[in-house]
């Protein structure tokens, strides 16, 4: 039988991926109840973040994960302490990219910073999507250039390259 402890974490959980799932699995092993605070779009704006997936969809995805017992909206930084008291939380846990930021909560519960899953993050996925979008725009621009002009452009580039190699 797992420890009778309540664990809480917070995040945006945009573009849900295996790193998020791994976090929830590991957190569930720390106790018998897992509460996940999902940042609202308004709170993300305060943090300077823009989600691709709207809040209502993100919280519904989190609610559907079998490791999560309760998903709640996260409206502000200050909410964490209120939630810890409201839900009688034993453990506050979050990714180690936040290491030290929530140590002040140790007065109220155990604070654990967990390592992130290597090689995957919503930020990386967003950068990749932005790159694909930029490439798509570039292809549109190039496809509108007449073939003769395109050939001439590459001839000029080839000449520049030869001059640089000298």
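The values are calculated or read from the model by the stated rules, or taken from the named source; none is laboratory data. As the structure is a prediction and not an experimental result, all values here were calculated from the model. Virtual Cβ from ideal backbone geometry, glycine too; neighbours counted across all protein chains shown.
Worth pointing out:
- Selection status of residue 94, modelled with pLDDT of 70 or more, under 19 Å from the mean Cα position of the chain (by Cα) and under 21 Å from residue 18 (Cβ atoms): yes
- Each residue in the stretch 1-31 was checked for being in contact with a strand residue (DSSP E or B) (Cβ under 8 Å, 6 or more places away or on another chain) and either under 22 Å from residue 79 (Cα atoms) or in a loop (DSSP other than H, G, I, E, B) (or both), and 16 of them qualify.
- Considering the stretch 35-45, and only residues there that are surrounded by 13 or more Cβ atoms within 10 Å (Cβ to Cβ) and farther than 15 Å from residue 95 by Cβ, the residue that is nearest to the chain's Cα centre (by Cα) turns out to be 44.
- Complete set of residues in the stretch 88-119 that are surrounded by fewer than 16 Cβ atoms within 10 Å (Cβ to Cβ) and in contact (Cβ under 8 Å) with a residue 60 or more places away in the chain: 88, 116
- Within the stretch 54-74, being assigned to a helix (DSSP H, G or I) and in contact (Cβ under 8 Å) with a residue 40 or more places away in the chain holds for 58, 61, 62.
- One residue stands out in the stretch 75-108 among those that are part of a helix (DSSP H, G or I) and touching a strand residue (DSSP E or B) at 6+ places or on another chain (Cβ under 8 Å): the one that is farthest from residue 40 (Cα to Cα), namely 103.
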